[in-house]
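What follows is a short report on a single structure.
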Amino acid sequence: MAGVQFPTDHEAKQLILEVGRRMYTKNFVAANDGNISCKVDHDIIWTTPTGVSKGFMDEDMLVKMRLDGTVLSAGALKPSSEVKMHIRVYKENPEVMGVTHAHPPLCTSFAIAGIGLDKAIYPEALVNLGTVPCVHYETPGSQGIPDSIAPYCKDYNAVLLGNHGALSWGKSLMDAFFRLEAMEHYALVLMYTGNIIGKANVLSCDQVQELLDIRKSLGINAGGVPPCAAKPSNLKDVVAPHSPVAQPVEERKELKTYQPGSIDCGCAASPVSSGGGSVSDIEQITQAVLKRLSSL
Ligand SMILES: [Zn+2]
């Protein structure tokens, strides 16, 4: 870790305030939920205090502390009891420079269902985030949570905390926050495809391998590998059968072009001209249809 560029105290505090505002406005946290931390030296972080809304913090509220738990700042507020899991991530993976924890509704729903985010369904999630394991439930603020996440801090970029929420980390605090955003987006897409649409084309193993190569070339060495499909199922265009694009060229020529006067509305006697489309044409069509309906 020689030559690591740490943010200054001021930069770290400003970043925490900005991430807190975004977390709150994006509905990732309610009331005083969530916590954020940013590393400013090998064993020193700035973090959010307990009992404060992350959307309305100022610099004086933030807490500076060592990874052994010693508080260095002179402010009146205490660090969150959940800072223990942040500290554990920094200890397990010295490359991590920022950690975010929140309760985004969709991630939390998956965490409550005990379902990890691990379907190979779209590139951005796989490249920048990777798969997200769901770790077993432990009481918030207890030592059980840091112990539960420890096995995943090096090989993954985020976890779901069983029946609790989401935790993400990265080589900068913004990196960690973007992963939190990516998790919630991934969970949204998984919910639509799995639980509402009810279908997902899983990427093939070759397609996944290509994305893993891209991830590696971007210097991202963690994120896990999701299960993949033996054969691709997404190589055909999906177009409505009667769309012009779906027809062979010869057949396309025979497709009838829409003409305003050619609507088969049963109003053959309508005085609409074929080159029309003006307001008066529409009024005439409407009147013709109403006349026909009234004669039924
Ligand atoms: Zn929490």
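The values are calculated or read from the model by the stated rules, or taken from the named source; none is laboratory data. Remember, it's a predicted structure, so these values are computed and weren't measured experimentally. Cβ sites come from the backbone with ideal geometry, for glycine too, and all protein chains shown count toward neighbours. For accessibility, only protein heavy atoms count, side chains too; no ligands or nucleic acids. Shrake-Rupley method; radii C 1.70, N 1.55, O 1.52, S 1.80 Å.
Checking each residue in the range 76-88 for being touching a strand residue (DSSP E or B) at 6+ places or on another chain (Cβ under 6 Å) and either in contact (Cβ under 8 Å) with a residue 60 or more places away in the chain or within 15 Å of the ligand (Cβ to nearest atom) (or both) picks out Pro79, Ser80, Glu82, Val83, His86. Output the residue which, of all residues in the range 26-44 that are among the aliphatic types (A, V, I, L, M) and more than 13 Å from the ligand (Cβ to nearest atom), is nearest to Leu173 (Cα to Cα). Top of the filtered list is Val40.
State which residue is modelled with the highest pLDDT when the search covers only the range 160-206 and only residues that are among the polar types (S, T, N, Q) and surrounded by fewer than 21 Cβ atoms within 10 Å (Cβ to Cβ).
Per the stated criteria, the residue is Ser172.
Test Lys64 against the criterion of being more than 21 Å from Glu92 (Cβ to Cβ), assigned to a loop (DSSP other than H, G, I, E, B), touching a Phe, Trp or Tyr at 6+ places or on another chain (Cβ under 7 Å) and basic (Lys, Arg), and give yes or no. No, not satisfied. All of Ser73, Ser109, Ser148 fail the test of being free of Cβ contacts under 8 Å to residues at least 60 places away in the same chain, more than 14 Å from Lys39 (Cα to Cα), more than 12 Å from the ligand (Cβ to nearest atom) and assigned to a helix (DSSP H, G or I), apart from Ser148. Candidates are the residues of the range 89-99 that are within 24 Å of the chain's Cα centre (by Cα) and over 21 Å from Asp60 (Cβ atoms); the one that is farthest from the ligand (Cβ to nearest atom) is Glu95.
Taken together, the criteria place Ala111 among residues that are in contact with a strand residue (DSSP E or B) (Cβ under 6 Å, 6 or more places away or on another chain), modelled with pLDDT under 95, aliphatic (A, V, I, L, M) and open to solvent by less than 10 Å² (accessible area, probe 1.4 Å). For the range 45-70, the set of residues classified as more than 16 Å from the ligand (Cβ to nearest atom) and either surrounded by 13 or more Cβ atoms within 10 Å (Cβ to Cβ) or closer than 18 Å to Ser172 by Cα (or both) consists of Ile45, Trp46, Met57, Glu59, Met61, Leu62, Val63, Lys64, Met65, Arg66, Leu67, listed by residue number.
When every residue of the range 164-171 is checked against the conditions, at least one turns out to be assigned by TED's automatic domain parsing to the domain that holds Val19, part of a strand (DSSP E or B), of a type in the set (Gly, Ala, Ser) and away from the ligand (no atom under 15 Å from the Cβ).
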